[in-house]
Structure formats: structure tokens, C-alpha cells
1. Stretched out fully, how many nm does the piece from ILE51 to LYS36 gain, at 0.36 nm a residue minus the Cα gap?
2. Ignoring solvent entirely, what values of log10 I(q)/I(0) come out of the Debye formula for region 17-78 at 0.27 Å⁻¹ when each Cα is a single scatterer?
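Every number in this text was worked out from the coordinates using simple rules, so none of it is lab data. Here the structure is a predicted model, which is why all the values come from computation and not from measurement.
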Amino acid sequence: MALIRLNLNPSPKDLRVFATLWLIFLGGFGAIAFYKGAERTAIIWWSMAVIVAVPGLLAPRTVKNIFFALKSFPSTAT
């Protein structure tokens, strides 16, 4: 019996929320890197945030594969 069910048909709203959270978290990682003086690393984080989040907000189905890839990682919590 699976403890977590993988939603195989996420709604556009679910994918937009995923894209928004992606933007917030990766943008935050970029801000931390920038604050610590790693400008190149910050640019990489910000680029990854924008490359996934903007298309995900405009056309949610474009991030469906990333959504599934991240949701399918097994949990290490026991």
C-alpha cells in the first residue's frame, strides 16, 4: 500500500502552484548565494528559476515532466 499517491493528471492550477514555488525557492537560493558573494552561482539559480517558472506560469503543461520527476523521488524519511 503506497503512502503517497502520485497525481498522474495534475490540474493547471497545481502546475502553476508548482511553478510559483519553484520560482520562490530557486530565487531564494540565488539570493542566498548572491548575499554570500557567489554571483555566478546566484545567476545560475536565478536562471533555472526563470527558465522553468515563466513557461510554467504561462502554459502550465510545459512543467508537467519536471513536476513528475520531482514528485517521483522516493522519500528517505522512515
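1. Length difference between fully extended and current span is 3.1 nm.
2. The Debye formula, applied to the Cα set alone, gives -1.00.
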